[in-house]
Structures are given as structure tokens and as C-alpha cells.
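The values are calculated or read from the model by the stated rules, or taken from the named source; none is laboratory data. All values reported here derive from a predicted model rather than from experimental measurement. All Cβ positions, even for glycine, are placed from backbone atoms using ideal geometry, and neighbour counts span all protein chains on display.
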Amino acid sequence: MASTPLSWRESCWRFTRRWLYLVHRWAGIAGCLLIAMWFLSGLVMMYVAFPALTDAERLAGLPPLDVATVRVPPDAAMASAGLARFPRSLRLEMMGAHPVYRMVDWSGKPHTVSARDAARIEQVDAPAAQEIARRFSGAAGARWIETAERDQWTVPNGLNPWRPLHRIALDDAAGNELYVSARTGEVMRDTNRSERFWNWLGAVPHWLYFTPVRADPPLWRQVVLWTSGVCIVVAISGIWIGWLRLRVRRRFAHGSAGGTSPYHGWMAWHHIAGLAGSLFLLAWLASGWLSVNPNQWFPGRAFAQPALERYAGEVLPRFPARDGTALAGMLPGTGAPPREIRMAWQAGLPVLLVARAAAGTAVTTQAYRADTGAPLAFSAGALAQAAARLVPDAAVAGSDLLQQDDAYWYSHHQPRKLPVLRVRFDDAAETWAYIDPDNGNLLGRSDSSRRAYRWLFNAAHTWDLGWLLRHRPAWDLALWLLSIVGLAGAVSGVVIGWRRLFRRRRRRA
């Protein structure tokens, strides 16, 4: 009896299903390996971050500032550095036993100038770096290992202006190492043996932070986009197939996996675990793809230079602080000696931000007016009025003094300053500015795009949800449970793929 010819719809559907199964089967072999690796490394990253020198650690390690030996005022230091505008940052601290001004201009280039004779410091050799590391750490056994442009723990591009870096071992029980800039003498990074070990199982594979790849930013972005993109295709095709097979299975009264899957063994595990975690997996992969900001869809977190200079109220390279004798007379004589003095224009006022180390790595900061030496005091109204300069074409729609975390300003892996003043604008981007009410520091920027990114990435990828974060270990338990479901689907897919490949190879033999 002749078979009935298929309609064009049936033919298209059969063709689509065939390729759907083929794509999921063969792309899924590599995809499931990557997904399993990402889940395992993500669990490590919940507790061990990529090596970085936090600001608190940096301040705690700086030697006490010898203010009395400062002979050069900040104006002369900026002139020596050749700055035509007031820099993005200006601070006074010790480089080993030597007081220096450290500046970062608006192009991101660092400058270091001696606070004793205004000499520019543009090169720091290995013995000097070793001494800087010894004073910073208090370790007698500081030992130079190498000077290199980058290694596995210094791959981020943010370190580029300070390269090359001297790597100094402290020869202590924890295996601590410091990286000192060969250009400026700044301690830029610290690592320890435990941190390095766990990062080989955490951030390095998770972010594909392998030195040859990460050293080429465009290449690294493409690798992340394409690997995560292929895994998204694998996930979508698997979800589609999973639902198709569920509909087929409804015709049967009995079967494996509680009658919900036509498969047995590893295939049943893959089918059920894949469907159970399908939405989480798809959101997790898609948010990981968004993490490198494809096509620059989401703007940065900081205001641009013109806005920052308008808020500062000064663009010329001048500041009313004088030499160390004048500074010492302005600062209170009680308390711990300062570790750093930042000099900035905030809301039209010259401000000294004096950081002192407390117990451990704790740091306290007091703000003073640089022109009078009086403790700085801003009212919320004055800061909101100054913040209006950030978005001159819009009006201030309102301001709020946040006393606790909310959906967009919260602490997780990084602490956020509280209380914080949030100033809202009525521009098309619905811009928000976050300002430290104690000293006028501009802490961050947000707009409707960044707030959307908060939900598309942070909420979907790391589950930074308020209730979970406020009631830990609820956050830990939720991520472990979801990761185990995802791992079950990925590992079962790896086993199935390996068996299929092995079976095909045995047939050919």
C-alpha cells in the first residue's frame, strides 16, 4: 500500500526536529562539559574571590604618613607631573620611607611625584620594590621573584597603566605575595597560597581567565560570547526536546522517572534534571553572556569627566593645601597618624580626606576643609544642589537618604557605604547619583539601563535578591540547590555524550 505523501508543514517539522536533535546531541557534548565546569567553579566563587588588593587592605599596609617631611605643596606636585587639569585623583602617602604625591589623570595614566623635592618618579627597580613590600607587609623576608608584564593573577586590564609589576614573595606560612608597580612603586595586588589554589578551581575557569586569552581583551570577549552563546543554544534545544518528549510520554501509563520520561538511566536523569532546572539554567547562561556587555548595550557605572568636573567645581590644577608643616597644623594631634591624605574638590569645596588605620584592616576617614582646616559638614540639601550640576539639562526630581540596603544599593561581595544620599533626576535616562553624605564623595551612578542590568545579570546570575541576602544562609542554600540540579543535568549529558562517542568509535573499529 502506497504511503501518504507528507504535507510541506509535516516535512518542515520533521526536518526541524531532526536538526534539533542533532544540534543538541553533538553541541551538547562540549556544552555540558562547559556548563558542568561553570557550575562547579561558580560554587567556589561564592566563597573565594579573584585576588585583589582592597582599599582597606592597601590603607592598612601603608606606613604612617610622615607629614613633617612633606616640603612640596600639591600645586607644585601637579605642575611637576605636567597636569593641565586637576586630576581624577590626588593623594599623599608614603612610598617606603619616602612621602609622595600619587595622581591619576583623566586619561587613566598614573603619576608619582616626590613630596620632598618635586622629582618625578617614573621607574622603581627591584631592590626598591622589595623594600616597599617589606615596609608594607612588615615581613622581614620580602624577596623579589620576577618582574613581568602580567601573570595569572594580574591579568585584568585595569592594571595596564602600572605595568610591569615586581612580584615579591613574603616567605611566610600563608605564601603571601605582593605585586609592586615598576612605574610608580605602588602595591597593586596581593595573593596567598590558598587564594591561588582555589582560584584555579573558581574564577580562572569560570571567567575563562587564562593568561594568553585574557591578555587580549577583544579575543577574550569573543571567546566568552561564543562559548556561552553555544551553551545557550544547547539549553534552548534541550528544553524544546524535553517538552516534546514529555508530551509523547503522556500516552504511556508507566515508565521510568515516575512516568514523566520515556528514557531510562542517565538519559532519564538528563531529561528530568534538565527540565527541572531549565528556566534557571537558561537565565543563568543568558546572564553570563550579558556579563561582558555585548555591543556596549549598558552604560558604565560612573559619570563622565565633564559631569565630574562640574560637580567638583574646579578644573585647574590647584589646591589650597600647603606643605607638611601647614598640613600638620591643620590635622588633629590625637589619634593614629594618617596613612593617606586624599585631596579633592567636592561640591565646590576643597576637601582633605584623612584616612587612619584602626584595628586589623579597619580604616577610619575624617573629612576637613583644606582652606580652613575645619571639619567638613555637608547638608543633604547642599549636596543635592551641587549634584544638580551632574545633569545640567535635567531637574532634580528628588533625593533620599538611604539608611539601609535597597534593591539597587546593597552589600554582597563588596560592602556599600550607608547611609548614602540618592539624588534622582528627571532626564530621559532616569539618572540617579549616589553621594556620601559625610564628605561629598560621589560614589556611583545609575540609570534605567543599569537598573535593568541589575535584574538581567545580578538577579539572574548570582541571585542577589534582598530577602536571600538578608537571611543568609538562605542565599547559599538556594544557589547550592539550583547548582546541584544544573550539575545533574550537565554531568548526565557528559556521560551520555561520552558513551555515544565511545559506541561510535567501537563500531568503526
Check your understanding: Is at least one residue of the stretch 433-442 among the charged types (D, E, K, R), surrounded by 15 or more Cβ atoms within 10 Å (Cβ to Cβ) and either touching a His at 6+ places or on another chain (Cβ under 7 Å) or assigned to a loop (DSSP other than H, G, I, E, B) (or both)?
Key -> yes
Practice item. State all residues of the stretch 37-59 that are more than 26 Å from Asn157 (Cβ to Cβ) and out of contact with any Gly (no Cβ under 7 Å at 6 or more places or on another chain); if no residue qualifies, say none. Key: Leu40, Leu43
Exercise for review: Answer yes or no as to whether Val292 is modelled with pLDDT under 95, surrounded by fewer than 19 Cβ atoms within 10 Å (Cβ to Cβ), of a type in the set (Val, Ile, Thr) and touching a helix residue (DSSP H, G or I) at 6+ places or on another chain (Cβ under 9 Å).
Suggested key: yes
**Study point:** Selected residue [surrounded by fewer than 17 Cβ atoms within 10 Å (Cβ to Cβ), within 18 Å of the chain's Cα centre (by Cα) and over 28 Å from Pro337 (Cβ atoms)] from Arg445, Arg451
**Key:** Arg451
Exercise for review: Inspect the stretch 78-100 for any residue being at pLDDT 95 or above, at positive phi and surrounded by fewer than 21 Cβ atoms within 10 Å (Cβ to Cβ) and give the result as yes or no.
Suggested key: yes
Review point. Residues Gly61, Gly28: which one is surrounded by 12 or more Cβ atoms within 10 Å (Cβ to Cβ) and at pLDDT below 90?
Key: Gly28
Exercise for review: State the number of residues belonging to the stretch 258-289 that are over 26 Å from Trp226 (Cα atoms), modelled with pLDDT of 70 or more and not in a helix (DSSP H, G or I).
Suggested key: 4
Check your understanding: Has the stretch 239-257 got any residue that is at pLDDT 75 or above, crowded, with 17+ Cβ neighbours inside 10 Å, in a helix (DSSP H, G or I) and not β-branched (Val, Ile, Thr)?
Key -> yes
Check your understanding: For Phe86, which of the numbered conditions (1) assigned by TED's automatic domain parsing to the domain that holds Met343; (2) within 30 Å of Trp220 (Cβ to Cβ); (3) not hydroxyl-bearing (Ser, Thr, Tyr) fails to hold?
Key -> (2)
Exercise for review: Mind counting the residues in the stretch 340-373 that are closer than 21 Å to Val70 by Cα, surrounded by fewer than 17 Cβ atoms within 10 Å (Cβ to Cβ) and of a type in the set (Gly, Ala, Ser)?
Suggested key: 1
Exercise for review: Only residues that are of a type in the set (S, T, N, Q) and farther than 30 Å from Arg356 by Cβ: list them for the stretch 21-58, please.
Suggested key: Ser41
Practice item. Kindly indicate whether any position in the stretch 102-115 is of a type in the set (A, V, I, L, M), assigned to a strand (DSSP E or B), under 29 Å from the mean Cα position of the chain (by Cα) and modelled with pLDDT of 95 or more. Key: yes
Practice item. Starting from the stretch 304-332, keep only residues that are in contact (Cβ under 8 Å) with a residue 12 or more places away in the chain, then list their pairs with residues that are of a type in the set (Asp, Glu) and surrounded by 15 or more Cβ atoms within 10 Å (Cβ to Cβ) whose Cβ atoms are within a distance under 6 Å, requiring at least 6 positions of separation or different chains. Key: Val315/Glu309; Arg318/Asp75
